[in-house]
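The values are calculated or read from the model by the stated rules, or taken from the named source; none is laboratory data. What you see is a predicted model; the values in this text were computed from it and never measured. Backbone-built Cβ (ideal geometry, glycine too); neighbour counts: all protein chains shown. Ligands, DNA and RNA are excluded from the accessible area calculation, which covers all protein heavy atoms including side chains. Shrake-Rupley method; radii C 1.70, N 1.55, O 1.52, S 1.80 Å.
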Amino acid sequence: MNLRRVRAVAHKEWREVLRDRLFFTLAFVLPAMFMLLFGYGLSLDVENVPFAVVDHDRTAASRDYAYRFIGSRYFDFQGYAADERALDPLLRDNRIRVAIVIPPRFEENLLAGRAARVQTLIDGTLPSRAATTKGYVSAINAAASRERLADYLAQRRGLPPEVARARLEPVQLEVRYLYNQSLSSLHSLAAKLVMLILMFVPPLLTAVGVVREKESGSIYNIYASTVSRGEFLVGKLAPYVAISAVNVIVLSMIATLVFGAPFKGSPVFFYAASVLFVACTTAIGLLVSLLVRTQIAATLVTVILTLVPALDYSGFFMPIASLSADGQVMAHLLPAMYYTNIVVGSFLKGVGLESLWLELLVLAGYTLVLFTIGYVLFRKRPRS
């Protein structure tokens, strides 16, 4: 392989990127824009849920119960409603997601030692958020019940309040969250967004860049030149790998500086693994460019081959272990899952080569196979 010819092809491709303003924007601005748009728009945290209260009892006990929700950071109080009929338009128009209905004789039943039933209405159009909201309501209600029972036990038996609470809860659970102590979904999603964008943009740039020469006819100059297949492919893909290597730094800085995601691992290992992943996804773009003849087709095929696997089979939203058996097999056959493990390990867990060497090895093998297939399929003479 003649390095001078490789540099010549790479230099020509770089000049094409600089000359085409739209393509230059696609190369450098699109990844950062995607990172900001997805970062600010995606969140799995369920907080500030709008809710209203219908208080038929209007006693000190009912107000105290309602204020348990009003004072919680998970709920956003929208006011009291007159009755249940007033709740329907609020729920229907998405002005509230939860309604608490406190029945008459609420305080009377509590003072008499009877159960006081409280109705909760939850908007179920978003099932996962509704299930989380139900958990918040249940936790607040359970805390109120424990306090009420502890006060009752303390009065009847003359026990100190802390002793009464210990009697009601003899086994106390203390939870410690590892790796993401604040339980911020954005910290995890910001790191995984690096994977998502690097899975999509490098192959898109490569596929569109190669197919653009097919459309313009300039690729026939390569067919007639003395540049070998290997020299053309390496020179053609090198600028896109270099551009994406720069984007790795930009995306990582946005994840840490803008969205506050912690980075606990080795920067050298992470960057080396990221460049390898970029080479892998660039090879995907090469294969796409060999299958299609128009830039529109290249874009559509790239979206299907990269974004869908990156979202469904990488662990971006759902752990791989939670997928079906077929889904887990699919995840292990695609590179996105392995790089997701590297990203999460580097950002949140602080692990490196000693724990992620297998993922690195798989990505290297994947890259080698893709480049080999691209080399075999590429022909300097177009098929008639």
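Listed values, structure above:
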read-out: Residues with amide H under 5 Å from that of Val54, placed H, sequence gap 5 or more; value: Ala81, Ile100, Val101, Ile102
read-out: Residues Ala242 and Gln78, FRET efficiency given R0 of 56 Å [Cβ-Cβ distance, rounded to 0.05]; value: 0.60
read-out: Among 77-86, 130-139, the order from most to least packed when residues are scored by Cβ within 10 Å on average; value: 130-139, 77-86
read-out: Between 0 and 90°, nearest 10: helix 267-291 axis offset from the chain longest Cα axis; value: 60
read-out: Percent accessible area from carbon and sulfur atoms, the chain, protein chains only, probe 1.4 Å; value: 60
read-out: Mean accessible surface per residue for the chain, computed with a 1.4 Å probe while every protein chain stays in place, in Å²; value: 54
read-out: Exposure ranking of Phe270, Phe24 by accessible area [1.4 Å probe, largest first]; value: Phe24, Phe270
read-out: Cut-off under 5 Å, modelled amide H: who pairs with Asp76 long-range; value: Val49, Phe51
read-out: Cβ-based net charge around Thr294, under 14 Å, with every Lys or Arg adding one and every Asp or Glu removing one; value: +1
read-out: Number of Lys pairs (Cα under 21 Å; 8 or more positions apart or on different chains) in the chain; value: 9
read-out: Normalised contact order of segment 315-384, rounded percent, pairs of Cα under 8 Å and 6 or more residues apart; value: 23
read-out: Segment 32-100 versus segment 245-265: alpha-carbon centroid distance in Å; value: 34
read-out: Debye intensity ratio I(q)/I(0), log10, the chain, q values 0.06, 0.10, 0.11 Å⁻¹ (C-alpha model); value: -0.38, -0.78, -0.87
read-out: Top of Gly265, Gly124, Gly230 by mean-square fluctuation, Gaussian network on the chain, Cα under 10 Å; value: Gly124
read-out: Of Ser128, Ser274, Ser266, the one that fluctuates the most in a GNM where the chain has Cα springs shorter than 10 Å; value: Ser128
read-out: Taking N as its residue count, the alpha carbon Rg of segment 173-293 over 2.2 N^0.38 Å; value: 1.39
read-out: Cβ-based charge dipole, segment 1-136, positive-most Cα from Val98, Leu3, Pro127; value: Leu3
read-out: Label point distance in nm, Ser266-Ser128, each placed 7 Å from Cα along Cα→Cβ; value: 3.3
read-out: Ordering of 175-188, 9-22, 290-303, 97-110 by packing [mean C-beta count within 10 Å, highest first]; value: 97-110, 290-303, 9-22, 175-188
read-out: Vicinal HN-Hα couplings computed from phi for segment 119-129 (Karplus, 6.51 cos²θ - 1.76 cosθ + 1.60; Hz; Gly/Pro x); value: 8, 10, 10, 10, 5, x, 5, 10, x, 5, 5
read-out: Difference of contour (0.36 nm per residue) and Cα-Cα distance, Ala364 to Leu22; value: 119.9 nm
read-out: Relative compactness, segment 67-128, computed as alpha-carbon Rg over 2.2 N^0.38 Å; value: 1.27
